[in-house]
1. Residue 263 versus (1) assigned to a strand (DSSP E or B); (2) within 21 Å of residue 296 (Cα to Cα); (3) touching a residue at least 12 places away in the same chain (Cβ under 8 Å): which is the lone unmet condition?
2. Can you run down the residue pairs with Cβ atoms below 8 Å, 6 or more apart or on separate chains, where the first is in the stretch 176-188 and closer than 13 Å to residue 136 by Cβ and among the acidic types (Asp, Glu) and the partner is surrounded by 17 or more Cβ atoms within 10 Å (Cβ to Cβ) and at pLDDT 90 or above?
3. Select the strands (runs of 3 or more DSSP E) contained entirely in the stretch 322-434, then report the ones holding at least 1 residues which are β-branched (Val, Ile, Thr) and more than 17 Å from residue 459 (Cα to Cα).
4. Which members of the stretch 435-456 meet the condition of being over 27 Å from residue 319 (Cβ atoms) and in a strand (DSSP E or B)?
5. Kindly indicate which of 410, 406 is closer than 25 Å to residue 337 by Cβ, hydroxyl-bearing (Ser, Thr, Tyr) and at pLDDT 90 or above.
6. Suppose the filter is in contact with a Phe, Trp or Tyr (Cβ under 7 Å, 6 or more places away or on another chain), over 18 Å from residue 318 (Cβ atoms) and either assigned by TED's automatic domain parsing to the domain that holds residue 473 or free of Cβ contacts under 8 Å to residues at least 40 places away in the same chain (or both); does residue 405 pass it?
Amino acid sequence: METPRNEPPDAQHDGPRAFGEVLAHWRQRRGMSKKALAEAMDYDPSYISHIESGRHPAGEDFARRAEAKLSTGGQVWQSWHEAAATASSAAAPSSAPGGLVVEDDHAELRYAGGIYTATMRRSLCNAGPDPVMRYLARISVDRYPGEPARSNVHYRAHPLTWAELDLRADCDGEPMNVEPKHDRDCFKEVWLCFSNDRGKFPLYPGERATITYAYTVPDSKWGPWFQRAIRLPTRHLGVTLTFPADLEPKVWGTETSTTAEAVPLHNPITRTQRGDETLFSWGTADPPMGARYRLEWRFGARSGQMDASPSLRTSSDRMKAAGIVQAGDAILAAVAEPFDLPEQAEAAGEVIDALFAALARVREQHVFGKGMGLAAPQIGIGRAAAIVIPPDPDAEAVVLLNPRITDASTETDEQYEGCLSFFDVRGMVPRPLTLEVEHIDLDGQRKITTFPYGVARLVAHEIDHLNGQLYTSRMRAGLTPIPVEEYRGIGKPWIPPTSTSPP
């Protein structure tokens, strides 16, 4: 008999059958068939049947994938740990946070007097079979998002130090020892230990506790972004940003994962005024495993001063300020390095995130009626990744990894193009009307996509960037770009070709 959808089964310690019942309940609740769930998890449908019937115990990888696809707020993950507790082979090292579920995660970032102060509060439940002795925390900063080369130089000269971080942590008011794990110029990993000089206080199975940790970073080492990544089953996530009101802050955000493109936050950011401070709050329930939520901001008061500066009067200057590498930089003439996928999926995902973040900054500066695109070398990353935003507002963004043109139509048209790396001019460029492109997914699967008309032009432009080529090399002999002031097509779609014969 099927489990009723309105009540989840009671996941007690009765082994694989209990886990199977919980899995079946959430699969039905999400409106998925066994076949659909199997395809989403890359498993055989018969295996799902074996798991749900309790005939076969689920492995940890299966449980993680099921939690990620069904987004149960940790219930599938917790049920698996409870079932695995009955088997001796499921025991996990006591030092690892194996069965932790985050019941509430709230982060607050406050800016005042040139200093950012981050305070993290996480309500934890140990759903695993063993005591937990430590919790891994990560601190990452980037003063110049979208300009990795510039950031690397900056942090080599001015590394983030433990002394300025002044990291402090406690568990329900009890101080926690801090043990560094990784120490890099702009990235730190630390173990927050359930112990201090007075003794140990492990988080035992079934127990709950709230850990709080805080650190400070000067604004010379912190960029205008704050990201939260879901690495443990989490039931609620919240973020509050607090800025001085006289800076006229503006905040926006995106969400993505290692397997999905960035989109605007599904839940709105709320803005409130408290004295001379402006607060921005955002939250979501049951965020899926692997999700990344990124809040970004700019200060209007400072932006106004910057915009008034002669150095930011041109379109190219504004693109440069948004983190776009400008013509003349050697990286724009180099062939981008391809990714080895799926082995380098995490690195590729980070580059994709950086591209979407840069596109969001660029869109603050200009209206793109013809669509837009951006290649990794244009943000200082010499890897074979690019994003294309079609002109149709309802169309999905195109993510290109290791793209290669396999076929192109002999029919072409000639249209004006612009490039974010020299945005003060526009050039008339002939392009094929359709392109066939081979590219690769993060999971290593190759695909071939046919792009028509305006999207084909955008895709060709970005693939040129990955091959170290600018559109000026495609222009017909005798033609040169014209100043943007003379161009009359800004904010308008490309005119459909009236002739399909080669120029």
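The values are calculated or read from the model by the stated rules, or taken from the named source; none is laboratory data. All values derive from a computational prediction rather than experimental measurement. Ideal geometry is used to build each Cβ from the backbone, glycine not excepted, and the neighbour counts take in all protein chains shown.
1. (3)
2. Cβ pairs passing all conditions: 179/134; 179/190; 179/191; 179/193.
3. Numbers: elements: 372-375, 385-389, 398-401, 404-408, 412-417, 425-432.
Strands (runs of 3 or more DSSP E) meeting the threshold: 425-432.
4. Of the residues in the stretch 435-456, the ones over 27 Å from residue 319 (Cβ atoms) are 436, 438, 440-450, 452.
Within the stretch 435-456, 436, 438, 440, 446, 447, 448, 449, 450, 452 qualify.
5. 406
6. No: the conditions fail for residue 405.
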